[in-house]
Amino acid sequence: MPSALVTGATGILGREIVMALGQDKQTWPTVYALSRSQKLNWPENVKQQQLDLTASAQEMAKELDNVKPEYIFFTAYLAKDSEEEATKVNGAMLENFLEALKITGASKNVKRVILTTGAKQYGVHFGVPKQPMEESDRWLADSNRPPNFYYKQQQLLAEQGKQQGWDWVVTYPNDVIGVAKGNFMNLATSLGIYCAVTKEMGKPLEFPGSPSFYTLFDCFTYSRLHAKFNLWAALEQSPRVSNQAFNVVNGDIESWQNMWPKTADKFGLKIPERMFTPEEEDGKMGENGSVMELMENPPLSEFAAERGLKGSKFAKQSRVEQKIDLVRWSQRSDVKAAWDRLAKREGLDQDAFEKATWGFLGFVFGRAYNIVISMNKARKAGWTGHQDTWDSLSEAFDELVGEKVLPAFTPTRRKRSSVMGTEADTTVSILRGRDR
């Protein structure tokens with residue numbers, strides 16, 4: 001029976017891969033969960049082991065001496081301040097890890113390596129991309145752009161696989177929804193805390209991002225769906241899977257104009273009937289907001305001429321617009337005081353607010369352009385997985401309650417009311433605590 005190894009085992013994506021492997025003991029009797037420090041309660045077939053991926057290959061080899069995996073799920077990622085540094089550090093982590101397995105002789109047992117990267121593959125952090133994004137899209141590797149560590153990792157993977165005799169799969173998730181405390185890019189945690197604090201302050205739930213993006217479209221990845229894809233891709237023998245990269249998103253296309261009212265209902269909040277001022281709709285953010293210009297030449301500009309868009313306004317510089325700058329919002333004394341009250345009253349993790357990724361959430365909400373990602377390649381290869389994005393976000397909020405990051409939602413209850421002489425049932429779902 002196959003053995004598996006997961007790096008970044010406590011991260012938002014690695015954690016769910018370990019849990020999925022752990023729940024299928026017949027297929028995966030031995031699972032190595034590697035992380036730098038944090039330990040979790042894993043199923044009995046999972047062996048937790050500490051490993052510093054920033055160490056040298058020789059140092060890692062000492063820690064991996066008795067580890068003989070056949071399938072490797074590499075999800076580790078270390079955030080850095082610049083793309084140049086991120087490329088250097090994350091490229092070295094993968095390269096040294098693979099070299100360590102070669103030193104121990106474990107690489108002879110490896111059959112497939114599954115590497116997790118993301119939609120930065122398409123330059124979504126530089127501005128409007130070519131839409132929809134497809135795995136066959138050429139890499140944005142011109143010298144006028146910062147390096148992309150995803151490209152370096154994929155080149156390393158292909159080179160090492162060819163030399164050592166194993167094959168590989170790469171996944172491109174986007175705007176991941178899941179739970180992992182302290183994770184660098186945790187959408188649900190930051191959004192949930194924003195909603196809970198807004199309720200504590202007795203205010204309506206305003207969308208803090210771009211007025212344009214509120215009505216545009218995005219594709220999300222539920223961390224548990226991504227884990228299922230990883231397990232499928234590990235054992236799938238089709239040549240359509242071997243040595244291939246795949247988009248891995250939920251399969252629906254969502255908009256915050258659809259999910260924001262649902263989020264408000266989840267937290268027992270109301271949204272304004274008119275969310276944005278005419279000035280904000282024209283791209284002029286007020287004193288509480290911010291605007292950041294992205295690269296002068298967005299990714300779409302590299303595809304523009306062949307698509308009849310050269311010189312078009314659709315291929316020009318993009319912006320990140322925030323109606324409410326979330327980093328500044330998180331630093332306000334009244335906001336911090338509201339969180340302190342809420343956390344103490346409800347017994348929440350006091351540090352969750354400071355660990356929330358306000359800059360990341362602001363960027364995700366502020367992109368004033370569509371993010372549409374094709375799943376056609378995976379479908380043609382035989383993958384049929386699908387996830388409703390709102391369901392995944394709602395489930396993540398519920399899980400965060402169990403982690404003591406969010407206050408508990410009261411059970412949905414039926415309330416009798418009299419309407420024009422008749423009785424009607426209404427459904428109420430509010431946060432436990434103050435009902436504003």
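Taking the condition of a type outside the set (Asp, Glu) and outside the structural domain of VAL364 (by TED's automatic domain parsing), does PHE229 pass?
yes
Of the residues ASP218, ASP252, ASP265, which is buried (at least 21 other Cβ atoms within 10 Å of the Cβ), among the charged types (D, E, K, R) and under 28 Å from GLN387 (Cβ atoms)?
So the residue among ASP218, ASP252, ASP265 that is buried (at least 21 other Cβ atoms within 10 Å of the Cβ), among the charged types (D, E, K, R) and under 28 Å from GLN387 (Cβ atoms) is ASP218.
What is the number of the single condition among (1) surrounded by fewer than 17 Cβ atoms within 10 Å (Cβ to Cβ); (2) more than 27 Å from ASP388 (Cβ to Cβ) that GLU134 does not meet?
With respect to (1) surrounded by fewer than 17 Cβ atoms within 10 Å (Cβ to Cβ); (2) more than 27 Å from ASP388 (Cβ to Cβ), GLU134 is out only on (2).
Residues are listed down the side, and each one gets a yes or a no for (1) surrounded by fewer than 19 Cβ atoms within 10 Å (Cβ to Cβ); (2) without any contact (Cβ under 8 Å) to a residue 60 or more places away in the chain; (3) closer than 26 Å to LEU231 by Cα:
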{"site": "THR87", "(1), (2), (3)": "no, no, no"}
{"site": "LEU98", "(1), (2), (3)": "no, no, yes"}
{"site": "LYS102", "(1), (2), (3)": "yes, no, yes"}
{"site": "ILE114", "(1), (2), (3)": "no, no, yes"}
{"site": "VAL124", "(1), (2), (3)": "no, no, no"}
{"site": "GLY127", "(1), (2), (3)": "no, no, no"}
{"site": "LEU140", "(1), (2), (3)": "no, no, no"}
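Restricted to region 307-341, and to residues that are free of Cβ contacts under 8 Å to residues at least 60 places away in the same chain and among the hydrophobic types (A, V, I, L, M, F, W, C), which residue is nearest to SER190 (Cα to Cα)?
VAL327
Are there helices (runs of 4 or more DSSP H) fully within region 291-383 with at least 1 residues that are aliphatic (A, V, I, L, M) and not assigned by TED's automatic domain parsing to the domain that holds GLY209? List them.
Output list reads 376-381.
Considering only residues that are at pLDDT below 95 and of a type in the set (Phe, Trp, Tyr), which ones fall in region 361-413?
Hit for region 361-413 is PHE409, nothing else.
Under 9 Å between Cβ atoms, which residue pairs at least 6 apart in sequence (or on different chains) link something in region 1-30 that is in a loop (DSSP other than H, G, I, E, B) and of a type in the set (Ser, Thr, Tyr) with a partner that is at pLDDT 95 or above and surrounded by fewer than 24 Cβ atoms within 10 Å (Cβ to Cβ)?
THR27/LEU231; THR27/LEU235
Only one of GLN49, GLN58, GLN23 is at pLDDT below 95 and surrounded by fewer than 20 Cβ atoms within 10 Å (Cβ to Cβ); which?
After applying the criteria, what remains is GLN49.
Filter region 162-188 for residues that are in a helix (DSSP H, G or I) and surrounded by fewer than 19 Cβ atoms within 10 Å (Cβ to Cβ) and give the result.
LYS162, GLN163, GLN164
Results for (1) touching a Gly at 6+ places or on another chain (Cβ under 6 Å); (2) on the phi > 0 side of the Ramachandran plot; (3) in a helix (DSSP H, G or I), shown as yes or no for each residue.
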{"residue": "PRO43", "(1), (2), (3)": "yes, no, no"}
{"residue": "LEU53", "(1), (2), (3)": "no, no, no"}
{"residue": "GLU59", "(1), (2), (3)": "no, no, yes"}
{"residue": "PHE73", "(1), (2), (3)": "no, no, no"}
{"residue": "TYR77", "(1), (2), (3)": "no, no, no"}
{"residue": "LYS88", "(1), (2), (3)": "no, no, yes"}
{"residue": "VAL124", "(1), (2), (3)": "no, no, no"}
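The values are calculated or read from the model by the stated rules, or taken from the named source; none is laboratory data. Quick caveat: nothing in here was measured; it's all calculated off a predicted structure. Quick reminder, even Gly has a Cβ in these numbers, built from the backbone with ideal geometry, and neighbours come from all protein chains shown.
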